[in-house]
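Participant: Okay, here's the structure, questions in a sec.
The values are calculated or read from the model by the stated rules, or taken from the named source; none is laboratory data. Computed from a predicted structure; not experimentally measured. Here the Cβ positions follow ideal geometry from the backbone for every residue, glycine too, while neighbour counts run over all protein chains shown.
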Amino acid sequence: MKLPKISLSSRKKYLIFTAIFLLISAALLTWFLQYRYFINNIDRTWEFLWNSPRVFWYNALIMLFILIFITGLTRRPIVAAGTIWAFLTVLTHIHISKFNVRGFPLLPEDFELASEASTLSKFIDIGALIRLIIAVLLIITLTIIINIWITKKFNLKAERQQKRWWRRFAVPSRLAIVVISALCFMTFTNFIRHHNGERYQDIPWLNSQLVAWDQVHNYDQNGFILGFLYNLQKLALTAPDGYNEDRIAEIHSTYAKLAQKNNQAKTDITDEGINLIIVLNESFFDPSIKFQGYSFEDFYPHTGGEILPTLRYIQSKYPSGNMYSIDYGGGTANIEFEVLTGLTNYWTNAVPYTSLIPKAGDVPSIASYLKSKNYETTAIHPFNGGMYKRNIALKNLGFNTFITELEMSYTEKEGKSEYINDRSAYNQLLDTLNSSKNNQLITLITMQNHLPYNFDTYDSTQFATTATDIDEQRRSDIAIYYQTLHNSDAYLGELISALDQLDKKVAMLFFGDHSAGIFDLTNGNEQKEVRDLSRITPYFIYTNFETGQKDKTLPTTTPNCLTNTLFNHLNLQKLPLYYLLDDICQQAPILTPAWYGEKAPFESTELSAYRLITYDILGGKKYWMSK
């Protein structure tokens, strides 16, 4: 049987078709990616192309390298384009879901939560998911049909009937295409994947700039591809200049001596028999907040009266202040990490619970410190224990017991909400506190105020926003959110009343981790002072015993300073790290990129030491812990 052959003219036509098809596909797929990044806003997509043509075509060039690479693997440009199209459809669906909730683009570290897909599925819109599946199936079907037509048109089956396998599978040419396209991709993206942590970097030849503090800006200005690649470096920590064992030993010696001296005038927590409680209340936010001359209610006024009457009472009686959250609408575990460890996410800019702590092993924290003083250490979270890998991270931080929704004795929920409410969480906390005569540290991470704010959660709501220029969906979300805040506030009052009746000493640090991601002040507003409003949450220190402290005003600070503020208020003996925090929290009480923007905090010996210690514990040799 004589084998069919591909004519020379047919080969040339196919090569020309492939080249033109890949060029056009790269441009169209890049446009599609940006269109989806801007949440299907066609005007913003064209504005990006016309205002930033160099950036757009550079993104398209990178897309071309990816197309060529997959074409080299599959030998079919149609299959390569269809594969990327389907992949981008799924990827951008994830991005849109996240952005609608948190106002923040999809980042590489978000995929570290892939193991928790079953848990995250509770946040998925089923209707949107069904539409996504249909869209992907249509893309696959269209790809198959076009590929069959192209195969027949150019008689490509003849290639597969060659006798020699290296000719039949075109191994040399395909290998060359894969290698060359991969090298081109690595070369042309090297500058953005290896930026050495600079906070601000101009790219004159692209007429653009990169910033470390605002990834919405990066994605908006540099396109989804470059924005995503810029954040890949966050998955690995880079040693700061001057990091070595001798420098860590020097820092430790300085603050160990300071601790030895100053602790003499302070109280050992075990001598006082104080039980410590740390409550991170999910999305607990004060809608009446005022900060830097602006009031949140100027933008989102509401009916129904006071939303947080219990908090008002607490603020009048106990020391309280404002926390500047390092995240907006999410990132609870990052805030939790800073409070429990006293370290900062400012330089790591990662998700320590998922990417660093599981690999780091034992990490010093308030739990490990009190555990060394024979405290029982318990963490309570009325949700899936695998979320943010808490089941691993909390153990490495020194918690002996972790109570999740599976172990809880109380499981009451709010209306039709899917989350265990704060009343149940507080009852579980009280049971734990009363279960032992030993001193205890209990940390509680609540869930009641977590999104989504479904319209049917409550039969009726007391509060409604009178803000203009917002759609009905957001108006409904805000009404549900305000109602769950009001109920959460009432349950907090029940907890305070119960703690007042105990015959054991209790000190509680209570704070909201962030506001809900349903407001539009954080991103896109030109005035930083207005954007900051959405990041301010309340915190207070409650005790059921007299402390002798008269000042009821606590400093505005980021989470890394909260536990140190608690120890200072109680006049307790502290570890050397907390004496360093005395300096840090005075020099830079708010330490997060959202606060500083392009203006990094001033350089100081203390900040340099803090950065070295943070790296040493999370990604270095742990010299600090061996001293």
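Participant: So is V216 closer than 30 Å to Y453 by Cβ and in a helix (DSSP H, G or I) or not?
Facilitator: It is true that V216 is closer than 30 Å to Y453 by Cβ and in a helix (DSSP H, G or I).
Participant: Okay, next question. Being small (G, A, S), under 24 Å from T332 (Cα atoms) and either at pLDDT below 95 or crowded, with 18+ Cβ neighbours inside 10 Å (or both): is that true of A479 here?
Facilitator: When the stated conditions are applied, A479 passes them.
Participant: Given the criterion surrounded by fewer than 20 Cβ atoms within 10 Å (Cβ to Cβ), part of a helix (DSSP H, G or I) and small (G, A, S), identify the matching residue among A60, A81, A86.
Facilitator: A86
Participant: Pick from L138, L142, L237: which is farther than 22 Å from F65 by Cβ, surrounded by 12 or more Cβ atoms within 10 Å (Cβ to Cβ) and at pLDDT below 85?
Facilitator: Going through L138, L142, L237 in turn, just one is farther than 22 Å from F65 by Cβ, surrounded by 12 or more Cβ atoms within 10 Å (Cβ to Cβ) and at pLDDT below 85: L237.
Participant: When you go through (1) touching a Pro at 6+ places or on another chain (Cβ under 9 Å); (2) surrounded by fewer than 23 Cβ atoms within 10 Å (Cβ to Cβ); (3) at positive phi one by one for G293, which number turns out not to apply?
Facilitator: It fails just one condition, (1).
Participant: If you don't mind, there's one more thing I want to ask. Please count how many residues of the range 237-266 are touching a residue at least 24 places away in the same chain (Cβ under 8 Å) and part of a loop (DSSP other than H, G, I, E, B).
Facilitator: So the count comes out to 7.
Participant: In addition: Looking at the range 316-337, which of its residues are part of a helix (DSSP H, G or I) and either touching a helix residue (DSSP H, G or I) at 6+ places or on another chain (Cβ under 8 Å) or more than 16 Å from F510 (Cα to Cα) (or both)?
Facilitator: Correct list: T332, A333, N334, I335, E336, F337.
Participant: Condition first: surrounded by 20 or more Cβ atoms within 10 Å (Cβ to Cβ) and either among the β-branched types (V, I, T) or part of a strand (DSSP E or B) (or both). Now tell me which residues in the range 278-290 satisfy that.
Facilitator: I278, V279, L280, N281
Participant: Within the set of pairs 6+ apart or on separate chains, which have a first residue in the range 481-495 that is within 19 Å of S515 (Cβ to Cβ), a second that is of a type in the set (A, V, I, L, M), and C-beta atoms under 6 Å apart?
Facilitator: Short answer, once both residue conditions are applied: Y481/A516; Y482/I307; L485/I307; H486/I307; D489/L308; D489/L311.
Participant: Any idea how many residues of the range 267-277 are outside any helix (DSSP H, G or I) and in contact with a strand residue (DSSP E or B) (Cβ under 6 Å, 6 or more places away or on another chain)?
Facilitator: So the count comes out to 5.
Participant: Next question, about the same structure. Does I480 qualify as being farther than 27 Å from P555 by Cα, touching a Phe, Trp or Tyr at 6+ places or on another chain (Cβ under 7 Å) and of a type in the set (A, V, I, L, M, F, W, C)?
Facilitator: yes
Participant: Within the bounds of the range 450-460, is there any residue that is within 27 Å of the chain's Cα centre (by Cα), at pLDDT 95 or above and surrounded by 15 or more Cβ atoms within 10 Å (Cβ to Cβ)?
Facilitator: No, every residue in the range 450-460 fails to be within 27 Å of the chain's Cα centre (by Cα), at pLDDT 95 or above and surrounded by 15 or more Cβ atoms within 10 Å (Cβ to Cβ).
Participant: Is it fair to say S436 is without any contact (Cβ under 8 Å) to a residue 12 or more places away in the chain, over 23 Å from the mean Cα position of the chain (by Cα), assigned by TED's automatic domain parsing to the domain that holds T592 and more than 30 Å from F455 (Cα to Cα)?
Facilitator: When the stated conditions are applied, S436 does not pass them.
Yes or no, residue by residue, for (1) within 22 Å of the chain's Cα centre (by Cα); (2) among the small types (G, A, S):
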| position | (1), (2) |
| --- | --- |
| L495 | no, no |
| L499 | no, no |
| F510 | yes, no |
| S515 | yes, yes |
| K528 | yes, no |
| L533 | yes, no |
| I541 | no, no |
| E546 | no, no |
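Participant: Mind checking which residues of the range 611-627 are assigned to a loop (DSSP other than H, G, I, E, B) and of a type in the set (G, A, S)?
Facilitator: Those that are assigned to a loop (DSSP other than H, G, I, E, B) and of a type in the set (G, A, S): G619, G620.
Participant: Restricting the range 296-315 to residues that are without any contact (Cβ under 8 Å) to a residue 24 or more places away in the chain and outside any loop (DSSP other than H, G, I, E, B), which is farthest from F540 (Cα to Cα)?
Facilitator: If we take residues in the range 296-315 being without any contact (Cβ under 8 Å) to a residue 24 or more places away in the chain and outside any loop (DSSP other than H, G, I, E, B), then D298 is farthest from F540 (Cα to Cα).
Participant: Additional query: Check whether at least one residue in the range 322-340 is under 23 Å from D286 (Cα atoms), modelled with pLDDT of 95 or more and of a type in the set (G, A, S), and report yes or no.
Facilitator: Yes, that holds for at least one residue.
Participant: Restricting attention to the range 414-447, and to residues there that are of a type in the set (D, E, K, R) and touching a helix residue (DSSP H, G or I) at 6+ places or on another chain (Cβ under 8 Å), which single residue is nearest to D503 (Cα to Cα)?
Facilitator: R423
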